[in-house]
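Here's the structure, in structure tokens; my notes come after.
The values are calculated or read from the model by the stated rules, or taken from the named source; none is laboratory data. All values reported here derive from a predicted model rather than from experimental measurement. Virtual Cβ from ideal backbone geometry, glycine too; neighbours counted across all protein chains shown. We work out accessible area using only protein heavy atoms, side chains counted, and drop any ligands, DNA or RNA first. Shrake-Rupley method; radii C 1.70, N 1.55, O 1.52, S 1.80 Å.
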Amino acid sequence: MSLEESRRKIDEADAQIVKLIAERIRQAQEIGKEKLKNGRPVTDVAREERVLAHVRELARQENISEVDVETVYREIFEMAKHVQGMIVAFQGEIGAYSEEAVYQFFGSQAQVRPMETLDEVFKTVESGEIPFGVVPCENSLEGTISRSYDLLLNSSLKVAGEKELRIVHCLIGHPQSTLDSIKRVYSHPQALGQSQAFLRHLKVELVSTYDTAGSVKMIKKQKHHDGAAVASARAAQIYGMKILAQSIEDNQSNYTRFFLLARQDSPRTGKDKTSIVFSVKHQPGALFSALKELADAHINLTKIESRPTRQRAWEYNFYLDLEGHREDKVVKEALERVERFSLFLKVLGLTESNLDEIRNSKIQIPILQLRSGQARFKLEI
């Protein structure tokens, strides 16, 4: 076979490949419409893993690289997600850490919708106006984002995924500003709290705002030349501002966990984690008895935290993350038994866990604060 003939056959194969990819994308669009209608997450990890296993087997049969074929299909997955209507709400302005978390979930093709408050994110997704929302739920330094959990408690939305984002704070000012010229620093209270040591050294006034990137936008718009904001380097780039100092967070192990909100649960992946909230009856041993049901079923907890009920003083709800899917027989039966000791129990949602990474890193996880003696217990897993 001549070189020209071989190239002609390659051109013919390319034409067939493009047509087949186009057909696959058209089918993905139809699937996307159904997902949007039912409020289901775009990403279906279990389905993706089955497809990848199938194409790897086909690659073996054809004696070509399984790794290369998988790489190609992962790119096709991203194309498919792009046409499936990835419109995602988040709290803050463009350049906020929550926006970055959206791209962690869906890739750079996601269409973002900034909202001023967490309440608006929940309301917009609940109404079906936007299919997905991303909200922060916990920071490794500052702890729980209380408002996110309070909204989850009373919302019909489900937690459909989670991501951890490394937070690197910058002090951002006007292009002509210097550190010595700064008198006030604006940012979200969490960001200010995570940068206390650096900001204390500056001896400036701290002003809390609703958003990190929003603070950068505000000092630019209002021409606060003696003001600066704590936000991401990306926010400085977006708004054409100057980074006065970088990596100002108190601890380099500064991570924020974000939840993906949707109107339906995630399907099983085999590496699932279920989040629940419950309140126990006011009787001796009620909490112990509830937790014992999980222990007896050999269900591992990765987090437990108490939060005030906001109904009566000194009464608490307990938020738990546990290994397994809510529909797994062992988990389902254990939760039914836990409910016997509870005033109420609600499944907040399901995420894909990174339990192997957690175990290998020996992370110390705060699990419960008890009023008696204000003791704080930690669990190493």
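Cross-link candidates for Lys223: which lysines have Cα within less than 28 Å, leaving aside residues fewer than 8 places away along the same chain?
Straight-distance partners of Lys223: Lys183, Lys203, Lys242.
Enumerate the aspartates and glutamates that Lys292 could reach by cross-link, defined here as Cα to Cα under 17 Å, with residues fewer than 8 away along the same chain left out.
Within the straight-line cut-off, Lys292 pairs with Glu305, Asp321, Glu323, Glu333, Glu336, Glu339.
What FRET efficiency would be calculated for the residue pair Ser127, Val18, taking the C-beta separation as r and a Förster radius of 41 Å, to the nearest 0.05? Display every interim value, and only then the final one.
On the way: r = 39 Å, r/R0 = 0.95.
Taking R0 as 41 Å, the efficiency between Ser127 and Val18 is 0.60.
Expressed as a whole percentage, what fraction of the accessible surface of the range 177-290 belongs to carbon and sulfur atoms when a 1.4 Å probe is rolled over the protein heavy atoms? Before the final figure, lay out each step's value.
Numbers: 2790 of 5490 Å².
So the carbon and sulfur contribution to the accessible surface is 51 percent.
Ordered by residue, what ³J(HN,Hα) values in Hz, to whole numbers, does the range 192-202 give under the Karplus form 6.51 cos²θ - 1.76 cosθ + 1.60, where θ = phi - 60° and Gly and Pro are x?
Couplings: 5, x, 7, 10, 4, 4, 5, 5, 4, 5, 6 Hz.
So what is the 222 nm mean residue ellipticity for the chain from helices alone, if each DSSP H run of at least 4 adds -39500 (n - 2.57) and you divide by all residues, rounding to the nearest 500 deg cm²/dmol?
Mean residue ellipticity, 222 nm, calculated: -12500 deg cm²/dmol.
In percent, what relative contact order does the range 131-253 have, based on Cα pairs under 8 Å that are 6 or more apart in sequence? Can you show the working numbers first?
Working: 197 pairs, mean separation 41.8, N = 123.
Across the range 131-253, relative contact order equals 34 percent.
Among DSSP beta bridges lying fully in the range 117-243, give the percent that are antiparallel, nearest 5. Can you show the working numbers first?
Values: 7 of 14 bridges.
So the antiparallel bridges in the range 117-243 amount to around 50 percent.
Each residue of the range 272-286 in order: what ³J(HN,Hα) in whole Hz does its phi give by Karplus 6.51 cos²θ - 1.76 cosθ + 1.60, θ = phi - 60°, with x for Gly and Pro?
In residue order, the calculated couplings are 8, 9, 10, 9, 10, 9, 8, 10, 9, 5, 7, 8, x, x, 5 Hz.
Build a GNM of the chain with springs between Cα atoms under 10 Å: which of Ile17, Ile31, Ile94 gets the top mean-square fluctuation?
With Cα springs under 10 Å in the chain, the top fluctuation among Ile17, Ile31, Ile94 is at Ile17.
Along the positive direction of the dipole of the range 1-144 (beta-carbon charges: Lys, Arg +1; Asp, Glu -1; about the Cα centre), which of Met115, Ala22, Ile130 reaches farthest?
So the residue we want is Ala22.
I need the P(r) histogram for the chain: all alpha carbon pairs, bin width 10 Å from 0 out to the longest distance, whole percents.
For the chain, the pair-distance distribution reads 5, 20, 26, 24, 16, 7, 2, 1, 0.
Along the range 340-345, what does the Karplus equation 6.51 cos²θ - 1.76 cosθ + 1.60 (θ = phi - 60°) give for ³J(HN,Hα), rounded to whole Hz, x for Gly and Pro?
Running phi through 6.51 cos²θ - 1.76 cosθ + 1.60 with θ = phi - 60° gives 5, 9, 10, 6, 7, 9 Hz.
Dipole of the range 220-353, Cα-centred, from +1 at each Lys and Arg C-beta and -1 at each Asp and Glu C-beta, to the nearest 20 debye? Before the final figure, lay out the partial values.
On the way: 22 positive and 17 negative charges, 127 e Å.
My answer is approximately 600 debye.
With springs only between Cα atoms under 10 Å apart, run a GNM on the chain and tell me which of Ala15, Ala89, Ala233 wobbles the most.
Ala15
Relative contact order, percent, of the chain when contacts are C-alpha pairs under 8 Å separated by at least 6 residues?
So the answer I get is 16 percent.
Need the C-alpha centroid separation for the range 311-325 versus the range 188-252, integer Å.
If you average the Cα positions of each part, the centres end up 34 Å apart.
So for the chain, taking the charge dipole from beta-carbon charges (+1 Lys/Arg, -1 Asp/Glu), which of Leu287, Ala160, Ala53 sits furthest toward the positive end?
Leu287
Under 5 Å between amide H atoms, partner at least 5 residues away or on a different chain: which partners does Met115 have, H built in plane at 1.01 Å?
For Met115, the qualifying residues are Phe90, Gln91, Gly92.
Among Lys163, Lys271, Lys221, determine the one that fluctuates most according to a GNM of the chain built with springs between C-alpha atoms less than 10 Å apart.
Its mean-square fluctuation being the largest, the pick is Lys221.
Any lysines with Cα under 16 Å of the Lys35 Cα? List them, leaving off those in the same chain fewer than 8 positions away.
Of all the lysines, those that pass the test against Lys35 - Cα under 16 Å, at least 8 places apart if same chain - are Lys81, Lys158.
Per residue, how much accessible surface does the chain expose to a 1.4 Å probe? Answer in Å², no decimals. Walk me through the intermediate numbers first.
On the way: 20280 Å² over 381 residues.
Heavy-atom accessible area per residue stands at 53 Å².
Taking the Cα centre of the chain as origin, sum charge times position over the Cβ atoms of Lys and Arg (+1) and Asp and Glu (-1), and report the length of that vector in debye to the nearest 20. Kindly include the intermediate steps, with their values, before the conclusion.
Details: 54 positive and 54 negative charges, 240 e Å.
In debye, rounded to 20, the chain gives about 1160.
Subtract the Cα-Cα distance of Leu153 and Ala313 from 0.36 nm times their separation in residues, and report this length gain in nm to one decimal. Mind showing how you got there, number by number?
Working: separation 160, 0.36 × 160 = 57.60 nm, distance 1.78 nm.
This chain segment gains 55.8 nm when fully extended.
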